[in-house]
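Below is one structure, written out as structure tokens; comments come after it.
The values are calculated or read from the model by the stated rules, or taken from the named source; none is laboratory data. As the structure is a computational prediction, the values presented were derived from the model and not from experiment. Positions of Cβ are generated from backbone atoms using ideal geometry, with glycine treated the same way; all protein chains shown enter the neighbour counts.
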Amino acid sequence: MSRSHTFAFLCLSALGVQLSSPARAQTVEEFYRGKSISFMVSSAAGGSYDLMSRTLATYLPKYLPGQPNFVIKNQPGAGGITAANQLYSTAARDGTVMGGLQGNIPFEPMLGVKEATFDARKFIWLGTPSTETCVFTVWSETGVKSYEDLRGKEITVASTGINSNPSVSARLMSELLGIKARPIVGYTGMANALLAIEKREVDGHACILWGAVQALRPQWISEQKTQFVLQWGAIKEKDLPDTPFVKDLIKNPDDQLLLEAASAPLALGRPFLLPPDVPKDRAQAMQKAMMAAFADTAFQADAKRQALDINAPRSGEEVQQLIDRVYAMPTDVISRLRRLSIQ
């Protein structure tokens, strides 16, 4: 064989070895370097969910390999269901799209909401910075001073709609505790509902988040303008040691399961997620970055300055376990919750 033929043969042989060798897997850092991640928020700009997401977006690059940029995209609609449907069905599944949802959204399909076309158990959950506690609040001038007083009279409570959270909470407390809480619907948001209480259009509210009371009406606490007669959720608020925790009042096992299922959105707080089927290494890196950001003292200080509560972070695995547990509850428990949730 001539020298030129030998050289050509060696070159072709080397090329063949290169082509037959498996391609080296791209690392998480290599994938994310120079990219932008679309951060879909299921609420309008300016609210607390939006502020939490925007604050988090400034800290996540610090902990995610490759330090990609995060771009907030508000996608309100159907109370958050629109964003969840998009994250499930049309969003890219390569790790370049993530989302933030309200805590009730993962359970909408379970409750039979036909607009919710996603399976919450198939999302990749990243974690949540907080849990929330509802307080049943009554204006002091009504004469209601305690849970015992509440059981003896009908209370009107402000609500946005017949199937909104305040109305469902009123029906839930009536079902579990035998109290009489009648929703007055038509108030277009929390601000209007709080004003209606102050103007004595209604007696109170069946589910104000404790963090919202502290942020929006601190004088209600300091001046004792209202009575906080009940609280429920994943945790009992340390600031309300004398307010009965509904979980402690319920003895029937089926009622306890109903309360747990109804309180699951409060336990989820403000969960963040990836679409299904994102490569495992990228999903794990995002989960790790999320928990690191929650623990960042600068992030916590930034959140506190904006009255954003970071009280009990939970990992993506813990969020997944909670969702799976609720979906696996007995059918009669879910049926009761559906009846209370959709009128």
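Descriptive notes on the structure:
- If the condition is being surrounded by 12 or more Cβ atoms within 10 Å (Cβ to Cβ) and polar (S, T, N, Q), then segment 310-334 contributes N311, S315, Q320, Q321.
- Evaluation of Q26 against (1) of a type outside the set (G, A, S); (2) touching a residue at least 24 places away in the same chain (Cβ under 8 Å); (3) outside the structural domain of A283 (by TED's automatic domain parsing) (one fails), failing number: (2)
- Residues that are small (G, A, S), buried (at least 22 other Cβ atoms within 10 Å of the Cβ) and not in a loop (DSSP other than H, G, I, E, B), drawn from segment 104-148: A120, G127
- Condition broken by G178, with the remaining ones in (1) loosely packed, with under 14 Cβ neighbours inside 10 Å; (2) over 24 Å from L249 (Cβ atoms); (3) small (G, A, S) satisfied: (2)
- Screening T160, T96 for residues that are touching a Gly at 6+ places or on another chain (Cβ under 9 Å) and β-branched (V, I, T) leaves exactly one candidate, T160.
- Just one of the listed residues (A212, A193) is surrounded by 13 or more Cβ atoms within 10 Å (Cβ to Cβ), under 25 Å from Q306 (Cβ atoms) and out of contact with any strand residue (DSSP E or B) (no Cβ under 8 Å at 6 or more places or on another chain), and it is A212.
- Residue match in segment 313-329 (condition: within 14 Å of the chain's Cα centre (by Cα) and in a strand (DSSP E or B)): yes
- Residue among R217, R171, R151 that alone is in contact (Cβ under 8 Å) with a residue 40 or more places away in the chain and surrounded by fewer than 22 Cβ atoms within 10 Å (Cβ to Cβ): R171
- If you check A307, A301 for being surrounded by fewer than 20 Cβ atoms within 10 Å (Cβ to Cβ), more than 30 Å from A92 (Cα to Cα), at pLDDT below 95 and out of contact with any Pro (no Cβ under 6 Å at 6 or more places or on another chain), only one passes: A307.
- Just so you know, in segment 52-100 the residues that are assigned to a helix (DSSP H, G or I) and basic (K, R) include one that is surrounded by the most Cβ atoms within 10 Å (Cβ to Cβ), and it is R54.
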